[in-house]
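The values are calculated or read from the model by the stated rules, or taken from the named source; none is laboratory data. Predicted, not measured: the structure shown is a model, and the values here were computed from it. Counting neighbours? That spans all protein chains shown, and the Cβs are built from the backbone with ideal geometry, glycine included.
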Amino acid sequence: MQALRIGAAKQEIHVPTGDYGLLGYGQPNHKALARSTPLYSRVFCFAADDDEAKPLFFAQSEICMVFPELRRAVVERLQARLGRESLESERYMLCSQHTHCGPGGYSHYPFYNFAVPGFRPQIFDAIVDSLVTASLQAWSQREAAQLRFACQAFADDIDVAFNRSLSAYNRNPQVAKFGDHETHKAIDRRMWLLEASSEDGRCIGQINWFGVHPTSISSRLSVLSSDNKGYAAVSLEARLGPGSVAIFAQHFAGDVSPNAQGDTKPDWLRGPTRDEIDNARYNGELQSEQAWKIIQELDATHALGVDTLDAALVNRDLSKVEIDADFADGKSGERTSAPCHGLAFYRGSPVDGPGIREPVVSLVRLLASRANKRLQRERPELLRAQQPKLIVSESGDGVLVGMKSRQFLPSFLDRALAEMQRQDRAGALDELPWVPTVLPLQMLRIGELAIIGFPGEITTVAGQQLQQLCLEALASCGVRHVVISSYANSYSGYCTTWHEYQAQSYEGGHTMFGSRTHDAFRTEYRRLLRECTKPAAERRFESLPEKIFSPETLEKRSVR
């Protein structure tokens, strides 16, 4: 077994309060007017004792999403400090914990800045600074350590999470069908936990993976907050002792909410109290208690065998994937398409976050219906890939309800639309796409454990299927455990199963590459992991360059 040196650190993200937007709900009125909690970046560094193997980094920021430019800036700055020979890009995984009360304005892609409004370099730099500082601290604090790994499910009577899209979930032919009073069962209730401790038994920290949206706090509160997972982290760090670091990462969170759905808890709005901050703290404590329970029960049987530290990362264009036939009911020629957002996306999630107002929905539906008739004539392959979605925005091509120019739309109805028109007039939207299409697929391997970096939000059943595929693909090289670490390295919206997509609920409307998006990810991850089972010298990875926007375009999108 490989002797390990492990370090962990956290650093506050120093973003100001002010009259700018938070990222997550897409509401222009949701602003960073006050600070409810600090926001942190947390980082673990895993290295071989003899330093012959390059280290692995697992990092998480208390922000809503990660975009490729954010990760690229962090890695480049770390390589400048540590040297490229000490840090290879594929060995750094960056995730977000997905709070919807984190700062907005740090993406180079314009779609995620319309409601903020605009790209804000000072926010981008603050997030990068926190990650670089925490990573360097984790690197410098490496010490001899051992790892233990375990998994345990929440008891059914613990009100930690609920499926928020039950009708879509029940469309999956292989699942047990649940009623409105059983939404707490239509999720993966397991927490997966990796614990690191020093030779003298002191807890360096832990990373756990459990899928639930940090949406205990709604868009009604204009505060910076780490929400439930942030409260969980602070609570567990206090239990573990001074200097310990606790990362509460996301697993299958796409259709999972902390807010009760259906008839499960008819008196709940966003938790057991009328105070949303108390509800976030309550949910965080449930997650902290579960992690603490697992840690207390760890023993020698949970030791993680580590014979290697390995990593791989490829960039693949998810808008141009031909699906392996065994993922498409035996059909050949099934494909993804350029990214599109549907009406269900713009309407929002019924409990977690409503979208555009109903009067606007009616107008958008009318305009989108006309635009989709045009697509039937001019781009039938796009419409076929996206059916039954009612396409509102062709986000890869900068088209909204069939219009390349947005100047004729009534901007007084929506402030995000007004910002879109301002950027359009400035020429800030000429460079495409509006959202990432070339996405990073990543694997970190710590001996018997493989951490799969997933660049988006994956639903419960889709996540379970991907997890099983990865476990089967890597079993031959000694991998016994696989976790899917979502919101990793980039953001591609949602990933539902084909059956869930047909419901066109919020998650399906936000599954951008069409009904076969999940099958495309499975196709590409299997291709990646098959190469990972080969000796390093024999691996052949196909990878595309990331999109890099010109400085002139970024300046036009910026608000300083």
| task | Any residue in segment 167-185 that's under 16 Å from D263 (Cα atoms): show its pairings with residues that are assigned to a loop (DSSP other than H, G, I, E, B) and β-branched (V, I, T) at Cβ separation under 6 Å, as long as the two are six or more apart or on different chains. | result | H181/T264; T183/T264; H184/T264
| query | Only one of (1) outside any helix (DSSP H, G or I); (2) small (G, A, S); (3) touching a residue at least 40 places away in the same chain (Cβ under 8 Å) fails for S86. Which number is that? | reply | (3)
| message | Test of understanding: among D200, D263, which residue is within 27 Å of G353 (Cβ to Cβ), in a loop (DSSP other than H, G, I, E, B) and of a type in the set (D, E)? | response | D263
| Does segment 123-142 include one or more residues that are of a type outside the set (K, R) and not in a helix (DSSP H, G or I)? | yes
| field | Output for segment 127-168, where each listed residue is within 30 Å of T497 (Cβ to Cβ), charged (D, E, K, R) and surrounded by fewer than 19 Cβ atoms within 10 Å (Cβ to Cβ) | value | D156, D157, D159
| remark: Among E507, E448, E542, E531, the single one that is touching a residue at least 24 places away in the same chain (Cβ under 8 Å) and under 21 Å from the mean Cα position of the chain (by Cα) is E507
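Let's see how each residue does on (1) assigned to a loop (DSSP other than H, G, I, E, B); (2) of a type in the set (A, V, I, L, M, F, W, C); (3) more than 26 Å from V482 (Cα to Cα); (4) in contact (Cβ under 8 Å) with a residue 12 or more places away in the chain:
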{"site": "S216", "(1), (2), (3), (4)": "yes, no, yes, yes"}
{"site": "A232", "(1), (2), (3), (4)": "no, yes, no, yes"}
{"site": "R239", "(1), (2), (3), (4)": "no, no, yes, yes"}
{"site": "P242", "(1), (2), (3), (4)": "yes, no, yes, no"}
{"site": "F248", "(1), (2), (3), (4)": "no, yes, no, yes"}
{"site": "H251", "(1), (2), (3), (4)": "yes, no, no, yes"}
{"site": "D267", "(1), (2), (3), (4)": "yes, no, yes, no"}
{"site": "P272", "(1), (2), (3), (4)": "yes, no, yes, yes"}
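Quick grid of which residues meet (1) surrounded by 22 or more Cβ atoms within 10 Å (Cβ to Cβ); (2) in contact with a helix residue (DSSP H, G or I) (Cβ under 8 Å, 6 or more places away or on another chain); (3) among the small types (G, A, S); (4) not in a loop (DSSP other than H, G, I, E, B):
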residue	(1), (2), (3), (4)
S485	yes, no, yes, yes
Y494	yes, yes, no, yes
E500	yes, yes, no, yes
A503	no, yes, yes, no
G508	yes, yes, yes, yes
F521	yes, yes, no, yes
E524	no, yes, no, yes
K534	no, no, no, no
| query | Taking the stated definitions as given, is D329 among the acidic types (D, E), surrounded by fewer than 23 Cβ atoms within 10 Å (Cβ to Cβ) and more than 29 Å from Q504 (Cβ to Cβ)? | reply | no
| request: List the number of the failed condition for A59; all other conditions in (1) among the small types (G, A, S); (2) within 19 Å of S96 (Cα to Cα); (3) at pLDDT 95 or above; (4) assigned to a loop (DSSP other than H, G, I, E, B) hold. | output: (4)
